[in-house]
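These notes concern the structure reproduced below.
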Amino acid sequence: DAKTTQPNSMESNEEEPVHLPCNHSTISGTDYIHWYRQLPSQGPEYVIHGLTSNVNNRMASLAIAEDRKSSTLILHRATLRDAAVYYCILMWSGGSNYKLTFGKGTLLTVNP
Amino acid sequence: NAGVTQTPKFRILKIGQSMTLQCTQDMNHNYMYWYRQDPGMGLKLIYYSVGAGITDKGEVPNGYNVSRSTTEDFPLRLELAAPSQTSVYFCASSYPSVGTEAFFGQGTRLTVV
């Protein structure tokens, strides 16, 4: 499975934008980029996913580099509720067993 | 909206005891998964199932068993509990597509003493 690399931790201030980076230099053409987050004492929740084009939804935006070797999750205005561990995950679309493989993720701290 | 429901939420087991962690989903998802999460770590896949009657091992299957007799339920069985199985266990489900999201339960916190 292709690997992802994320910073261990990041800090932000409330109501400011947050850019969470993810490197995936060994990504294959059929790998989708998924982002999940895990709030304290809760199960992971889906944030966003994409393949090649940038994506937006009500929670966040996903910016994917042209060569697809990196991506950035953008929270446009961080709130205290966005404090969580954010996981960048590659999911291979070349087979039929779709599994999420979690790394350690990035712990985002949001300061009031 | 029930989603993915796990029971129990908390459990303390003695070494050598056995138990079953229950997971049920009401979204008619084919795929179901069991993960464990040790403190400060990411989730590790224990077992997964792509449909009723079909299960397969993940990264850390030793010490666990699963079955999938219905689409809705995917129980995880611990036969001889060991301290190394102290962890938080998460069940998840999804449609069989790489472009869709997985839904997770709230977790079962298990302590083996």
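The values are calculated or read from the model by the stated rules, or taken from the named source; none is laboratory data. In this text, all values refer to a predicted model and were calculated from it rather than measured experimentally. All Cβ positions, glycine included, derive from the backbone under ideal geometry; neighbour counts span all protein chains shown. Remember, those area values only see protein heavy atoms, side chains included, never the ligands or the DNA or RNA. Shrake-Rupley method; radii C 1.70, N 1.55, O 1.52, S 1.80 Å.
From other protein chains only, count the Cβ atoms within 10 Å of every residue's Cβ in B:90-101, then give the mean. Present the calculation step by step, with values, prior to reporting the outcome.
Numbers: counts 4, 1, 3, 0, 4, 1, 3, 5, 14, 8, 6, 8.
Average neighbour count from other chains, rounded to a whole number: 5.
What average count of beta carbons from other chains do you get within 10 Å of the Cβ of residues in B:30-41?
2
Dimensions of chain A along the principal axes, based on C-alpha atoms and rounded to the nearest Å, stand at 43, 30, 24, largest first.
So for segment A:1-74, averaging the separation of alpha carbon pairs under 8 Å that are six or more residues apart and normalising by length, what relative contact order in percent results? Show your work: numbers first, answer last.
Numbers: 121 pairs, mean separation 21.9, N = 74.
Across segment A:1-74, relative contact order equals 30 percent.
Leaving out same-chain residues fewer than 8 places away, which lysines sit with a Cα under 23 Å from that of A:Lys104? Cα-Cα hits under 23 Å: A:Lys3, A:Lys69, B:Lys44, B:Lys57.
Net charge near B:Met27: determine it from the other residues with C-beta under 12 Å of the C-beta of B:Met27, scoring Lys and Arg +1 and Asp and Glu -1.
Working: positive: none; negative: B:Asp26, B:Glu72, B:Glu101.
Result for the neighbourhood of B:Met27: -3.
Between chain A and chain B, the total buried accessible area stands at approximately 1800 Å², from heavy atoms with a 1.4 Å probe.
Of B:Met41, B:Met32, B:Met19, the residue with the greatest mean-square motion in the GNM of chain B, using alpha carbon springs below 10 Å, is B:Met41. Between amide H atoms placed 1.01 Å from N, distances below 5 Å from A:Thr109 occur with A:Met10, A:Glu11, A:Ser12, all of them 5 or more places distant or on a separate chain. Of all aspartates and glutamates in the structure, those lying under 14 Å Cα to Cα from A:Lys99, and not within fewer than 8 positions of it along the same chain, are A:Asp1, A:Asp31, B:Asp56, B:Glu59, B:Glu101.
For segment B:1-65 versus segment A:1-66, the spacing of their alpha-carbon centroids is 25 Å.
Residues of the protein assembly as shown: accessible area per residue at 1.4 Å, in Å²? Present the calculation step by step, with values, prior to reporting the outcome.
On the way: 11020 Å² over 225 residues.
For the protein assembly as shown, the solvent-accessible area averages 49 Å² per residue.
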